[in-house]
Amino acid sequence: MRIQTIRNDRGSAFVELALVLPLLILLLIGTVELGRIAYAAIEVTNAARAAVAYGSQNLSTAQDTAGNMPIVAAADAADLTAMGATLATTTSMACVCDTGSSTPSVSCSAAQTQCCPPTETSFCVSSPSYTGNLVHYVQANTTATVSTMFNYPGLPNSYTLHGFAQMRVVQD
């Protein structure tokens with residue numbers, strides 16, 4: 001009797017595999033898709049960091065917001081092109097007057113009239129807005145839209161990823 005029941009159980013493993021395999025494949029595809037999106041998000045953020053790392057070297061590179069900073073960001077995120085995404089980069093330079101107690105934003109173009117170093121007040125214009133040290137920053141915003149490999153019911157077909165970085169410029 002016992003030999004007969006063993007023969008009856010022979011195909012049960014294949015039936016269980018046939019029932020569970022679609023679920024396992026779905027989980028595997030979802031994991032790969034989530035990994036792709038996470039990798040793209042890391043690429044977008046690192047591209048912003050690369051742009052500001054280039055721009056923060058000195059005041060000359062900090063003012064190159066329309067030139068090499070976006071090129072450096074695109075070179076750092078070259079893998080996004082293989083995913084079918086395009087990186088958009090916006091870079092800018094910001095200035096603040098570090099007064100010790102607060103850091104008000106000032107216009108970089110009119111910084112000499114808005115921010116006067118405390119040790120050089122006799123050389124500054126007659127009425128500066130703030131007495132403090134002028135500090136330059138570079139900023140980069142990156143954006144990329146990544147499409148999914150498959151269409152999933154209830155989920156979007158593409159995700160827009162954003163990256164931001166800001167760094168203080170090395171003073172000459």
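What the table below lists for this structure:
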{"quantity": "Only Lys, Arg (+1) and Asp, Glu (-1) charged, at Cβ; the chain dipole about Cα centre in debye", "calculated": "700"}
{"quantity": "FRET E, pair residue 158, residue 92, Förster distance 22 Å, beta-carbon r, rounded to 0.05", "calculated": "0.25"}
{"quantity": "Theoretical gain in end-to-end length, residue 13 to residue 31 [0.36 nm per residue, Cα-Cα removed]", "calculated": "3.9 nm"}
{"quantity": "Whole-number percent relative contact order across the chain, with pairs defined as alpha carbons under 8 Å at least 6 apart", "calculated": "26"}
{"quantity": "Neighbourhood charge, 15 Å Cβ-Cβ cut-off, centred on residue 52 and excluding it, Lys, Arg +1 and Asp, Glu -1", "calculated": "0"}
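Values in this text are rule-based calculations from the coordinates and carry no lab data. Remember, predicted model here, so these are calculated numbers, not experimental data. Note: ideal-geometry Cβ built from the backbone for every residue, glycine included; neighbour counts use all protein chains shown.
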